[in-house]
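One structure below.
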Amino acid sequence: DLGSIYLTAQEFDAAISEFKDAISQSDDKEIQLSALLQIADAYQMKHEFKKAIETYSQIIKDFPNNLYSDYINYQLGIVFIKLGDFNSAISTFVTFNKNFGQTGFLDDVNYYLGYSYFKNNDYESAIRQLQNFLSAFLDSEYKDKAAYLLASSFYNSGKYQEAIEKFKDTIIKFKQNEDLVQKAEYGIADSLYQ
């Protein structure tokens with residue numbers, strides 16, 4: 001509990017120290033698992049991404065099929081994105097979709113899979129993934145970002161007419177998001193120029 005208090009207060013080194021003490025002092029596997037998970041999250045919050053990956057990976061190895069497996073795999077993919085390692089993020093998210101059919105992280109994972117394809121310059125895969133995402137996750141908090149990213153994927157793959165159509169759809173569907181509308185209008189102008 002003391003480690004959790006430190007983590008909430010963003011005193012990450014103190015939190016990690018308390019969680020490590022909890023692991024060494026307890027034989028309870030649930031406490032060890034929970035403490036390791038908190039350590040991994042603390043490393044991620046500290047931007048020590050390699051240590052976060054090592055800790056998440058250790059949990060997967062030492063505690064396979066645990067209650068938090070979906071969360072751990074999702075966070076692992078997010079850390080890879082933060083490191084700019086989009087191939088590893090893609091691999092993690094694809095594996096996630098194969099292993100976790102029923103989880104609250106499906107819309108997050110599928111959006112970030114499309115995002116990772118885009119950032120990896122694989123625009124055709126991004127288009128497929130984002131189209132699937134937009135048809136499967138109608139109420140997702142990411143639908144505005146996904147719509148814009150889809151239009152940008154068409155643009156970056158040289159499909160300017162499709163990009164224009166998708167940018168226009170984005171403007172119509174998300175007109176309340178002024179920043180997104182402005183970006184989409186610029187995308188239309190740039191597509192027309194191309």
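The values are calculated or read from the model by the stated rules, or taken from the named source; none is laboratory data. Predicted model, so just to flag it, every value in this text is computed and none were measured. Neighbour counts run over all protein chains shown; Cβ positions are idealised from the backbone, glycine included. We work out accessible area using only protein heavy atoms, side chains counted, and drop any ligands, DNA or RNA first. Shrake-Rupley method; radii C 1.70, N 1.55, O 1.52, S 1.80 Å.
Within this structure, residue 51 passes the test of being among the charged types (D, E, K, R) and either modelled with pLDDT of 95 or more or in a loop (DSSP other than H, G, I, E, B) (or both). If the condition is being open to solvent by 10 Å² or more (accessible area, probe 1.4 Å) and among the small types (Gly, Ala, Ser), then the range 47-64 contributes only 57.
Taking the range 147-194 as the range and being assigned to a helix (DSSP H, G or I) and of a type in the set (D, E, K, R) as the test, the residues that pass are 162, 165, 166, 168, 169, 173, 178, 179, 183, 185, 190. When the range 151-163 is filtered for residues that are open to solvent by 30 Å² or more (accessible area, probe 1.4 Å), of a type outside the set (Ser, Thr, Tyr) and more than 23 Å from the chain's Cα centre (by Cα), the ones remaining, listed by number, are 158, 159, 161, 162. Inspection of the range 79-100 identifies at least one residue that is closer than 20 Å to residue 56 by Cβ, over 14 Å from the mean Cα position of the chain (by Cα) and open to solvent by 60 Å² or more (accessible area, probe 1.4 Å). The number of residues in the range 164-177 being within 24 Å of the chain's Cα centre (by Cα) and either within 16 Å of residue 118 (Cβ to Cβ) or free of Cβ contacts under 8 Å to residues at least 12 places away in the same chain (or both) comes to 3. Out of the residues in the range 21-46 meeting the condition of being free of Cβ contacts under 8 Å to residues at least 24 places away in the same chain and not in a helix (DSSP H, G or I), tell me which one is surrounded by the fewest Cβ atoms within 10 Å (Cβ to Cβ). The extreme case among them is 27. Candidates in the range 115-125 are the residues that are open to solvent by 50 Å² or more (accessible area, probe 1.4 Å) and assigned to a helix (DSSP H, G or I); of these, the one that is farthest from residue 87 (Cα to Cα) is 124. Checking the conditions here, which among 112, 148 is of a type in the set (Ser, Thr, Tyr) and either within 23 Å of residue 69 (Cα to Cα) or surrounded by fewer than 16 Cβ atoms within 10 Å (Cβ to Cβ) (or both)? When all the criteria are applied, what remains is 112.
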